[in-house]
Amino acid sequence: MEKTVEKVINEQINAEFWSAYLYLSMSMHFANAGYAGIANWFAVQFKEEQDHATIFMNYVNSRGGKVELAPIAAVDTSWESPLAAFEATLAHEKKVTAMINNIYAVADKAADIATKSMLTWFVDEQVEEEETARGFIDALRMIGDNGYGLYMFDKELAARAYKTPSPLAAAE
Ligand code: FEO
């Protein structure tokens, strides 16, 4: 694969691991703050982000490229409320979406059709991730400081279960 494409995918692998680390930090923060459901939701998100990195790493290997793992930068360790955490999540996912779109543009320039094809799963995934974060932000704005509302919100997020994403499930 072209070096230009390999380079941006390696940067994306680092961003996915950074995302995983961010969501793990959120999970730990909310576990400590007594929100077991929100902690569960971010723990699942932590696994999904590692899956995203794995999908990219497998892809680079399958194309004969070289995965180069870089240091993972520090993440925040506390958030003032669930709303603040989901606002940070949405802002972060928008950055990830822009990075995916940039890889697509680099692949397009290199006439790398296989990479463009691989990226379509991520394009769809990003739409879903942003939509989910926006939905939680809307709900939490409605709830405000209502204790019962927060209790129910936390209970809802406790139900999230991890599922292997389709690009990895296919390889199992
Ligand atoms: Fe790997 Fe949250 O996108």
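Each of 140, 46, 17 was scored by the projection of its Cα onto the charge dipole of the chain, and the greatest displacement toward the positive side belongs to 17; charges sit on the C-beta of Lys, Arg, Asp and Glu. Pairs over the 19 Å Cα-Cα cut-off, from the set 47/116; 7/116; 116/163; 47/163; 3/94; 7/109: 47/116; 116/163; 3/94. Distance between the 7 Å Cα→Cβ label points at residue 159 and residue 11: 4.0 nm.
Spacing of the modelled spin labels on residue 145 and residue 58, each 7 Å from Cα toward Cβ, amounts to 4.8 nm.
Normalised by the number of residues in the stretch 1-118, the average gap of Cα pairs under 8 Å and 6 or more apart makes the relative contact order 35 percent. In terms of accessible area, using a 1.4 Å probe and ignoring ligands and nucleic acids, 57, 26 rank largest first as 57, 26. Solvent-accessible surface of protein heavy atoms, probed at 1.4 angstrom with all chains present, puts 160, 134, 141 in the order 141, 134, 160, largest first. To put it simply, the accessible area of the chain at a 1.4 Å probe is 56 percent carbon and sulfur.
Spacing of the modelled spin labels on residue 73 and residue 94, each 7 Å from Cα toward Cβ, amounts to 1.7 nm. Among the protein heavy atoms, those of residue 68 account for about 120 Å² of accessible surface (1.4 Å probe, every chain in place).
Helix-only arithmetic for the chain: the sum of -39500 (n - 2.57) across DSSP H runs with n ≥ 4, divided by the residue total, places the mean residue ellipticity at 222 nm at -27000 deg cm²/dmol. Surface analysis of the stretch 1-105 yields an accessible area of 47 Å² per residue, using protein heavy atoms and a 1.4 Å probe.
The values are calculated or read from the model by the stated rules, or taken from the named source; none is laboratory data. Since we're looking at a predicted model, the values are computed, not measured. Here the Cβ is made from the backbone with ideal geometry for all residues, glycine too, and neighbour counts use every protein chain on show. What goes into the accessible areas is simple: the full protein's heavy atoms, side chains included, and nothing from ligands, DNA or RNA. Shrake-Rupley method; radii C 1.70, N 1.55, O 1.52, S 1.80 Å.
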